[in-house]
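Throughout, read-outs are computed from the coordinates displayed, never taken from laboratory work. What you are looking at is a predicted structure, and each value in this text was computed from that prediction instead of being measured. Note that each Cβ is placed from the backbone with ideal geometry, even for glycine, and that neighbours are counted across all protein chains shown.
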C-alpha cells in the first residue's frame with residue numbers, strides 16, 4: 001500500500017479530534033444537537049487551521065445514517081464515504097479553478113435536485129474569495145433562498161474580498177491560529193503513535209515554524225522524519241528549517257548587553273554557516289527580547305512563562321528595561337527594512353550595529369549617586385543650540401528665498417548640558433535632567449510642565465502648571481525617578497502655581513519655536529526676491545508654508 005502523508009492520515013474524523021478552534025466547535029455542536037441548522041456557513045482563517053476539515057465533519061454530521069448530531073457514528077456508509085472523499089452528495093468545489101460565471105451557473109442549476117444518497121446535499125466551496133463578481137452574482141440568489149435539502153459551506157483565507165451581500169447571507173466563523181503548545185502536544189501524540197523517537201527541542205522547533213497551522217506542522221514533521229532518517233533531534237530540525245539555535249540568539253543578546261561590538265559581529269557572521277533566513281533570525285531575536293521584557297515587568301510572576309528557559313531569566317538581569325525596549329524597536333524597524341538591504345546578511349548586521357550605536361551612554365552627575373556612573377537612559381540635549389526636527393524651520397520657497405533664512409537663527413540660550421563632574425543641579429539643568437531620566441507618557445508630560453523652584457538641603461521644589469491635570473500616581477513616579485538621579489534621600493515637593501507656566505520646559509520650547517518662526521517670517525518679508533514678486537505679481541506669503 002502506498003504511503004499516506006501524515007496530514008491526511010491524521011486528519012480529524014470527529015469534532016473531538018480537532019485541536020484549537022474550541023469556540024467554533026462548540027457553536028456547531030450545539031447547533032447540530034439541537035437541529036438548529038443554518039443554510040450557509042462561512043469559515044475564515046489562515047491556511048491549515050481546519051476550515052475544510054470542520055466543513056467535512058459538518059457534512060458527515062448532517063448525513064450520518066444514525067441521525068443528525070455532533071457525534072456521527074463514523075461506521076455507516078455515509079460517514080465512511082465522506083472520510084474517503086467519494087460521497088456523491090458532498091460536492092467540493094475549488095473556486096480558484098472554477099471561477100468562471102458559466103461554471104458557477106452550471107453548479108447552481110443542479111441545486112434544485114434532491115440528494116442521491118444523503119439527507120442533505122452539501123456544497124463545500126473552498127477559497128470562495130477567488131470567484132469573480134459575476135460568479136458571486138450567480139451564487140447570490142441560490143445562497144439566499146436555497147432548497148431545504150441544500151447546505152452551503154464556504155471557506156476562505158481572505159474574507160475581505162467577499163462581497164458584503166455574500167457575508168450577510170452566511171453564519172461566519174473565524175478560525176484562529178492554533179497555539180504552539182497545542183501543536184506540540186499533537187505532534188508528540190503522533191510521534192508516539194508512529195513509534196518515532198524525538199526530543200522536545202525538535203517538536204518545539206517544528207511547532208514554532210508551523211506558525212499556527214496544523215497542516216504545515218504535519219508537513220514539516222513528514223519532512224523532518226525523512227531528513228533525520230528516524231529519530232528527530234533539535235539540531236537536525238533546526239538545520240532542516242534553515243533556522244538557528246536558540247543558544248545563538250542568546251549569545252547575540254549577551255554581546256548586546258555587554259556592549260561588545262567585536263563579539264557581536266563575530267557571532268552574527270558565524271550564523272552564515274547555517275545559511276539562515278535572516279528575517280526569521282530577527283524574528284527570533286525579537287521574540288526573545290519580548291520574553292525578557294515580560295520577565296523584567298512581572299518578575300517572579302513570569303516564572304511560569306519562561307520556566308523552561310533559565311537563560312532568559314538571566315538575560316533579564318543583564319539588560320536594562322530601557323535598552324530591551326530600544327533593541328526591540330530597532331529590531332522591528334530592521335525587519336521592515338530588511339528586503340531593501342543590498343544583502344540580507346548586511347541588513348541583519350546593520351540592525352545589530354544600530355542597536356549598539358543608539359544605546360544611550362550619557363552620564364549624569366547625581367547629588368546622591370556615583371558621579372560618572374553609566375546610565376541606560378536617554379541622552380541630554382546638545383549644548384550647541386541645535387533643535388529637534390520638530391523645532392527646525394523649513395520654508396517651501398524657491399532657492400533665493402530659502403537662502404534668506406539664516407542658517408542658525410538667534411534663539412534664547414538652551415539649558416546647559418550636564419557635565420560629568422559632580423555639580424549640584426540647578427534650574428538650568430532641569431530640561432537636560434528630564435531627558436536624562438528617560439521619562440515617558442504622563443510622567444514626562446508632568447515633568448515638562450513643572451518649573452524648577454529650588455534645590456538644596458536635600459529638598460527639591462517644583463511648581464506645577466495649574467492647567468495640567470494629573471494623578472497622585474504620576475506625581476509619585478516622577479518623584480521616584482528624580483530620587484534615582486539626585487539621591488534616595490532627596491525629598492521632592494510639588495505645588496500648584498499659576499506663575500510656573502512661563503518657566504516650564506514645554507513653555508520655553510514653545511517660545512523658542514515661536515521666535516524661530518517669527519525670524520523666518522521676517523527674513524522672508526525682507527528678501528528682495530519676495531518683495532519683487534509681491535510688487536510685480538501681487539504675491540503674498542502663505543503662513544502655512546512657513547514651518
How large is the direction-averaged shadow of the alpha-carbon convex hull of the stretch 441-496, in nm²? 3.5 nm²
So what's the back-of-envelope 222 nm ellipticity for the chain, counting only DSSP H runs of four-plus at -39500 (n - 2.57) apiece and dividing by all residues, rounded to 500? -14500 deg cm²/dmol
Using only Cα atoms, tell me the angle between helix 344-357 and the longest principal axis of the chain; keep it within 0 to 90° and round to the nearest 10. 40 degrees
Normalised by the residues of the chain, what does the relative contact order come to in percent, with Cα pairs under 8 Å and at least six apart? 9 percent
For the stretch 176-282, take N as its residue count and report Rg(C-alpha) divided by 2.2 N^0.38 Å. 1.19
Of all DSSP beta bridges with both partners in the chain, the antiparallel percent, nearest 5, is 25 percent
Over the stretch 140-218, what per residue volume does the convex hull of the Cα atoms give, in whole Å³? 119 Å³
State, to one decimal in nm, how far the label point of residue 65 lies from the label point of residue 517, with both points 7 Å from Cα in the Cβ direction. 8.3 nm
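Test of understanding: what is the full-extension gain from residue 14 to residue 427, defined as 0.36 nm times their sequence separation minus their Cα-Cα distance?
141.4 nm
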By the Kirkwood definition, with r running over pairs of different Cα atoms, the chain has a hydrodynamic radius in Å of 29.8 Å
Taking only the alpha-carbon atoms of the stretch 180-241, the convex hull volume per residue, in cubic angstrom, is 63 Å³
What is the helix-to-structure angle for 51-63, meaning the angle in degrees between its Cα long axis and the longest Cα principal axis of the chain, kept from 0 to 90 and rounded to the nearest 10? 30 degrees
Binning at 10 angstrom from zero up to the longest distance, how are the C-alpha pair distances of the stretch 12-88 distributed in percent? 19, 54, 26, 1
Over 5 Å intervals from 0, what percent of Cα-Cα pairs in the stretch 246-357 sits in each interval? 2, 12, 25, 25, 19, 11, 5, 1, 0
What would the Debye equation give as log₁₀ I(q)/I(0) for the stretch 100-141 at q = 0.29, 0.30, 0.34 Å⁻¹, counting only Cα atoms as equal point scatterers? -1.08, -1.11, -1.24
Size of the stretch 6-174 along its principal axes in angstrom, Cα-based, largest extent first? 40, 33, 31
